[in-house]
């Protein structure tokens, strides 16, 4: 009877040891999996597109205190770019301290009217002088801040160790092509850093499309992309 109890005792201890070993192995496996996830995130962070703030500028010289036809077109295009990508106000900086100060003031007023006519409120404009050299013709500078993204450069495949794929480790290129494509295609680089807040959605608008689909009122389209224009 004592031998039976001893046998059961040793069996119980052995079972506990096996279970403990399995639990320990499971914990180590979880730790390795968590580390692999962390390594993957680190690699993804390494190829994040770099977004920086820059200043867009347009130089205006004028003709006898007025905008030329070419300059008016340039102002129109510049204001359009500001409305799409600009941050803050659009700033007009004019020269001061030259013999052409009166002509520059006339040009500034005309610029103000043109910028407003192209859709920018007066409250979103700023004006200020800069000290110019009296013996030189100095331009009026129209500017605004915007974001730009630097192209993502991926490590060439010829520099990647192929042995890493044997144990399912992420390479240095992991996710790089996706980030490079995103950086190249994004319209407003500020969106990559969450610079703009999302607008209020119209909950009723999707329902209009759903009802039209149910009634067969949606036009048939072909091709991978539709509804856009270049």
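For segment 117-133, which residues satisfy the criterion of being closer than 17 Å to residue 72 by Cα and touching a strand residue (DSSP E or B) at 6+ places or on another chain (Cβ under 8 Å)?
Across segment 117-133, the qualifying residue is only 120.
Conditions tested, residue by residue: (1) part of a helix (DSSP H, G or I); (2) within 30 Å of residue 177 (Cβ to Cβ); (3) modelled with pLDDT under 85; (4) assigned by TED's automatic domain parsing to the domain that holds residue 138.
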site	(1), (2), (3), (4)
26	yes, no, yes, no
40	yes, yes, yes, no
80	yes, no, no, yes
92	no, no, no, yes
Report whether or not residue 73 is within 24 Å of the chain's Cα centre (by Cα) and assigned by TED's automatic domain parsing to the domain that holds residue 122.
no
Count, please, the residues in segment 209-224 that happen to be part of a helix (DSSP H, G or I) and at pLDDT 80 or above.
5
Subset tally (residues that are over 32 Å from the mean Cα position of the chain (by Cα), part of a strand (DSSP E or B) and closer than 16 Å to residue 57 by Cα) for segment 95-130
3
Condition set surrounded by 10 or more Cβ atoms within 10 Å (Cβ to Cβ) and closer than 30 Å to residue 53 by Cβ, scope segment 188-213, selection farthest from the chain's Cα centre (by Cα): answer is 196
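Looking at 76, 84 in this structure, which one is at pLDDT 95 or above and assigned to a helix (DSSP H, G or I)?
Result of the check over 76, 84: 76.
The values are calculated or read from the model by the stated rules, or taken from the named source; none is laboratory data. Since we're looking at a predicted model, the values are computed, not measured. Every residue, glycine as well, gets a Cβ built from its backbone with ideal geometry; the counts of neighbours run over all protein chains shown.
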